[in-house]
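All remarks here apply to the structure that follows.
The values are calculated or read from the model by the stated rules, or taken from the named source; none is laboratory data. These figures come from a predicted structure and were not determined experimentally. Accessible surface is based on the protein model in full, side chains and every heavy atom, while ligands, DNA and RNA are left aside. Shrake-Rupley method; radii C 1.70, N 1.55, O 1.52, S 1.80 Å.
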Amino acid sequence: TASASGGTFTIGGAGADIWGSADAFRFAYRQLAADGTIVVRVATVQNVNAWTKAGVMIRQGLTAGSAHAAIYVSPSRGISFQRRPSSGALTVATTVTGAAPAYVKLARAGSVVTASTSNDGTTWKTVGQQTVSLSGAVWVGLAVSSHDVTQRATATFDHVTGTGW
């Protein structure tokens, strides 16, 4: 499910995970024609699983094994910059402490993606940077995976800004 009201987005998603060489999740997205950013405050994340994920993502395509970069907030595993550098490759991650509510940001400059987090939306801490096989127009948006195919997790997002939002 996905809905928006008064600048708050509510996304519900099941799925095994956003990890490995293929993903299963809910993605509310827009096309990003070139370089840009997406910033959001993950206000809440339902605790379906320790690795339930809610955050922002940039993907080359909409197939399960697409190259991508994302930064997620999980109920008990912190804030994680996860990326698949090329289509079909395995996911790698850099994780820092943190929990909802938290601001997360992705910035794309060509094929380089920088992930950052903030407590207040003003002072940012870079979690990591990665070259990802991104070219031309890409997909950018809000992602949620419950990490459990039998249950949906709901997350709320607000303060959504960036290129095209």
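Couple of notes before you dig in:
- For GLY98, distant residues with modelled amide H under 5 Å away: GLY78, ILE79
- The mean sequence distance of close C-alpha pairs (under 8 Å, at least 6 residues apart), as a share of the length of the chain, puts its relative contact order at 36 percent.
- Solvent-accessible area per residue for the chain (1.4 angstrom probe, square angstrom): 42
- Cα gyration tensor category, rounded, prolate or oblate, for region 111-165 with a/c compared to 1.5: oblate
- If you run the Gaussian network model on the chain, springs between alpha carbon atoms under 10 Å, then out of SER76, SER135, SER86 the most flexible one is SER135.
- Centre-to-centre, using Cα atoms only, region 28-77 and region 96-113 are separated by 9 Å.
- Calculated P(r) over Cα pairs in 10 Å bins from 0, in percent (choose from (1) 10, 40, 39, 10, 1, 0; (2) 12, 46, 37, 4; (3) 10, 38, 35, 15, 2, 0), label: (2)
- Cα-based shape type of region 70-165, given that a ≥ b ≥ c are square roots of the gyration tensor eigenvalues and the cut on a/c is 1.5: rounded
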